[in-house]
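The values are calculated or read from the model by the stated rules, or taken from the named source; none is laboratory data. Predicted model, so just to flag it, every value in this text is computed and none were measured. FYI the Cβ positions are ideal-geometry reconstructions off the backbone, even for glycines, and counts take in every protein chain you see. These accessible areas exclude ligands, DNA and RNA; they are computed on the full protein's heavy atoms, side chains included. Shrake-Rupley method; radii C 1.70, N 1.55, O 1.52, S 1.80 Å.
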Amino acid sequence: MSDLPLVRLPAASPGIVTALGHLRTVRRNPVGALSLAFILALIAVALFAPWIAPHDPTAIAPRLRMQPPGPGHWLGTDQLGRDVLSRLIFGARTALKVAITGTVGALSAGLVLGLAAALGTRWIDSALVLINDSLKALPLVLFALVLVSIYGPSLAILVTIITISMAPGYFRVVRNQALVLRNADYVIAARAMGASRLRVAVSHLLPNLVGPLLVLVAMDIPAVIGIESGLSFLGQGVQPPESSWGTMLSEGYTYLRQAPHIALTAGLPIILTTIAFTFFGETLRDALDPRAARARK
């Protein structure tokens, strides 16, 4: 039996547990709690849209075109006689599907490439930073219109545009945080004990990146919804017959004088969703960094 003393490695910060624990702090904040409640309600509406929607969102009824809100159609009908409320409900599903898919794709790409840049050799870091800065310099609208003109408007192209345009932001956050964390005592100790770069990244760096990435995701989702709505408004995003808030807003703008309720009801969920996710992200950021919150006060 060896008489060598046992060496206790410095423990890594429990990033995942800490980040999830701060959700309790968010719930104690009135603005954060209200925003979180709205987000959860929106997710529930998107998930159960086929059972919640009172009518088929694609059913055309020319005799009922541009009807004002009433008992049969609580938010009225559009220029084709389709129920506006049902299209709004299915539009929530489209918005969240695009937002979650695009954000997860950008997060995954930025996370992998950011960790590779921070833990890799200097030439790998320089090459990835150069590619990242080049993508970040691309004008979003022009880049989107070029891809759409080449491949045509579709949901897959829309998600690709969002992923490519937003991945540089995640790459920069992950790389900067990982460059700081790789010099922490527990990371140096782990590497001295023979831990591989992959193990260091998964076991020590990744848990401590959860908090900043959660805040960034919450802040980016309304931006993604805005991109999807904007491109759909221009006719370059989600295509009919699939419901989209941006498409409804564009159609409502065309018939603004005859049926103003179409544009008003289509624009309201975009505004409320953007505000809810933005306030939730700010509240979560304050919960994760109380010193920054006190400094702003």
Exercise. Find out how many positive minus negative residues lie around P168, taking Lys and Arg as positive, Asp and Glu as negative, among other residues whose Cβ is under 9 Å from that of P168.
Key: +1
Exercise. Set the Förster radius R0 to 35 Å, insert the Cβ-Cβ distance between R191 and T274 as r into 1/(1 + (r/R0)^6), and round the FRET efficiency to 0.05.
Key: 0.25
Quiz item: Rg/Rh for the range 60-202: what does it come to with C-alpha atoms and Rh from Kirkwood?
Solution: 1.24
Quiz item: Computed from these coordinates, which is Rg/Rh (Cα atoms, Kirkwood Rh): (1) 0.97; (2) 1.08; (3) 0.92?
Solution: (2)
Quiz prompt | Karplus 3J(HN,Hα) series, Hz, for the range 37-44 with 6.51 cos²θ - 1.76 cosθ + 1.60 (x for Gly, Pro) | solution = 5, 5, 5, 5, 5, 5, 5, 4
Quiz item: What is the Cα centroid distance between the range 38-106 and the range 151-224, reported in whole angstrom?
Solution: 34
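Using a 10 angstrom Cβ neighbour count of at most 13 plus a DSSP loop assignment to flag exposed chymotrypsin sites (Phe, Trp or Tyr not before Pro), which longest range of the chain is free of such sites?
That gives 75-297 as the longest site-free run.
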Practice problem: Set the Förster radius R0 to 45 Å, insert the Cβ-Cβ distance between S134 and R63 as r into 1/(1 + (r/R0)^6), and round the FRET efficiency to 0.05. | Solution: 0.25
Quiz item: Excluding ligands, DNA and RNA, what is the solvent-accessible area per residue of the chain at a probe of 1.4 Å, expressed in Å²?
Solution: 54
Quiz prompt | Modelled FRET efficiency - R0 30 Å, L145 with R257, Cβ distances, 0.05 increments | solution = 0.55
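Using a 1.4 Å probe over the heavy atoms of the protein chains, calculate the carbon and sulfur portion of the accessible area of the chain as a whole percent.
Roughly 68 percent of what the probe reaches on the chain is carbon or sulfur.
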Quiz item: In a shell of Cβ-Cβ distance under 14 Å around T254, excluding T254 itself, what net charge do Lys and Arg (+1) and Asp and Glu (-1) give?
Solution: 0
